[in-house]
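Here's the structure, in structure tokens; my notes come after.
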Amino acid sequence: MEKMFCLGVMLGALGGALLIANSYKMRSLVKKSQAEFVEKINEMMDEKLKCGAEQCGTQEKQEPEKKEKKK
């Protein structure tokens, strides 16, 4: 059962690769989709880094206050 599934996945991937390799429109569509995907991932990472930097900044501000209260 697993062998048949793997064989089907491999044949599907091979068929898709042949379809894309023989069609200019398909190649351009794949390239465009990849570019959009990479752009969205970069935007998400920038947002996460920005949020992470803001959280670190608030934690650093809170730590000295906690130290002062302990004294």
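The values are calculated or read from the model by the stated rules, or taken from the named source; none is laboratory data. Just so you know, these numbers come straight off a predicted model, no measurement behind them. All Cβ positions, glycine included, derive from the backbone under ideal geometry; neighbour counts span all protein chains shown.
The residue that is surrounded by the most Cβ atoms within 10 Å (Cβ to Cβ), among those in region 6-58 that are over 21 Å from the mean Cα position of the chain (by Cα) and basic (Lys, Arg), is ARG27. Could you tell me whether region 10-23 includes any residue that is of a type outside the set (A, V, I, L, M) and at pLDDT 90 or above? Checked region 10-23: at least one residue is of a type outside the set (A, V, I, L, M) and at pLDDT 90 or above.
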